[in-house]
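What follows is a set of notes on a single structure, which appears directly below.
Just so it is clear, none of the values below were taken in a lab; they were calculated from the coordinates. Predicted model only: the values in this text are computed from it and were never measured. All Cβ positions, glycine included, derive from the backbone under ideal geometry; neighbour counts span all protein chains shown.
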Amino acid sequence: MTVILKKDQEFLNSIKKTLAPFKAGVKRKAQGELPYDYLVPSGYYEEQWDWDAFFIGMALASDIPSEGIFLRNVALNLLHNSRNDGYIPGCITKDGPEGGHRSFLMKPFLAQGAYFASNFLKDFSWIAPHFSQLKTVVLYREKNVWNKKYNLGVWTNIMASGADNNVSGFGYPENSVVATDLNTFVYQEYKAMSLIAEQLRKTKEYDYFSKRASEIKNNINKYLWDESDGIYYNIDSRDGSFIKRVSYNSFHPLWAHIANKERTNKFIKNYVLNSKKLWSNYGIRTLAKDDKEYNNANIIKPYSNWQGPVWPIANYFAVSALLNYGFQKEAVDVAKKVAKLCLDDIKKTGGMHENYDAETGLPIAAPNFISWNLLVPVMLEDALTNKSRFAL
């Protein structure tokens, strides 16, 4: 068991205490087509968003396990709004699924949310009546938005990824980018489904999802790893070329233990810990500093800026990746930096922001933003205890 130094424990307690009052602002009462109490990003949203709700729920339940009820409710609201063929959009309102530009297919976090909710609550029985539809939802992407050549998933468009203007997919045609982040999330979904099936004693489904998870893992390593550059890249499926941009989604396979250690050490040292690439004095950048499109502009509309700024959620993935492969010292460093960004922001502005300038540490976009930045204490505690708790 890792012993936390007194000064580190005091800093962890400070960030937990400071962020605690913000938790009330992400909870909403059931209404309309959201029949279960649910979670929202920030104080003024009323919609339930896909991965925001997942990571908010994980932050709440990691602190108080009984709060896993919100993860359960998020899953039940999604299932309530799913079509018979398994389609669910990424945003649900009290009037039902959001239309227009928000109607993109939800990111693969439903099964993960259901699994972790059940673990926190020590109860898998609530899933049993919904298991058949859960399976249909999880398999929808593979049946409808999939690249058969690589046997991997594609983003319909980069906005659907949640990393709005990430240059590793931004500007490419719909359904053309075979992405590291997406397929890592799909891998996690299939792992979660196998674990749920095991708990419900559904042997056939356990065998199927275990096998598919292994196949997806193998295909990520086979097709998305560039041996010459020593990094995971997205692929432009139109010609099979790597999209050679060093961005935040390059370290997702490390978050989910997909990469082997030899590859990982090379990638972390050359890209993550390199100040000319992703490493900064304020956390991990979302795009390499030496990229021609690197910037820290204040952009919130028509999309958020993932072309350089430090995002707490991106740093959560990075910290977990570092921990998974033996870089605890560096993980603690990053977690402390991001925690300090949020603490300083709250002291100066009364709230947190969506992202921070990687060169100055100053807040950039979306003041009073509350969502996955509630993970900051979880990220710090994981780093200090040398254990990443969300990967399956």
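According to the Kirkwood relation over distinct C-alpha pairs, the hydrodynamic radius of the chain is 20.9 Å. Once the C-beta distance of Q133 and D236 is scaled by a Förster radius of 22 Å, the resulting FRET efficiency is 0.05 to the nearest 0.05. Normalising the Debye intensity of region 168-287 to I(0), with uniform scatterers on Cα atoms only, and taking log10 at q = 0.13 Å⁻¹ returns -0.57. With the convex hull constructed from alpha-carbon coordinates only, region 58-174 shows a mean projected area of 8.6 nm² over all directions. Note that region 345-362 has calculated 3J(HN,Hα) couplings of 4, 4, 5, 8, 10, x, x, 10, 10, 5, 8, 9, 5, 6, 9, 10, x, 6 Hz, one per residue in order, obtained from phi through the Karplus relation 6.51 cos²θ - 1.76 cosθ + 1.60 (θ = phi - 60°); glycine and proline are x.
Principal axis extents of the Cα atoms in region 207-249, from largest to smallest and rounded to whole angstrom, are 36, 22, 19.
Kirkwood's formula applied to the C-alpha pairs of region 1-116 gives a hydrodynamic radius of 15.1 angstrom. As a proxy for reagent exposure, W279, W306 were ordered by neighbouring Cβ count within 10 angstrom, fewest first; the result is W279, W306.
With contacts taken as Cα pairs under 8 Å and at least 6 residues apart, region 120-216 reaches a relative contact order of 23 percent. Quick one: Debye curve from the alpha-carbon atoms of region 1-54 only, equal weights, vacuum; give me log10 I(q)/I(0) at q = 0.21 Å⁻¹ to two decimals. Result of the Debye calculation: -0.78.
The amide H of W155, built 1.01 Å from its N in the peptide plane, has V177, A179 as neighbours under 5 Å, considering only residues 5 or more places off or on other chains. Its Cα centre serving as origin, region 64-197 has a Cβ charge dipole (Lys and Arg +1, Asp and Glu -1) of approximately 300 debye. Ranked for footprinting exposure by Cβ neighbours inside 10 Å, fewest first, M106, M193 give M106, M193. Across region 349-392, the fraction of Cα-Cα pairs farther apart than 14 Å, rounded to a whole number, is 59%.
Taken over the alpha carbons of region 91-134 as equal point scatterers, the Debye sum produces base-10 log I(q)/I(0) values at 0.16, 0.23 Å⁻¹ of -0.58, -0.88. Percent of Cα-Cα pairs more than 23 Å apart in region 111-216, please. Cα-Cα pairs in region 111-216 separated by more than 23 Å: 33 percent. Over the chain, dividing the summed -39,500 (n - 2.57) contributions of all DSSP H runs of at least 4 residues by the number of residues returns a 222 nm mean residue ellipticity of -13500 deg cm²/dmol.
Please work out whether region 234-337 counts as rounded, prolate or oblate from its C-alpha gyration tensor, where a ≥ b ≥ c are the square roots of the eigenvalues and a/c under 1.5 means rounded, while otherwise a/b larger than b/c means prolate and anything else oblate? In terms of gyration-tensor shape, oblate.
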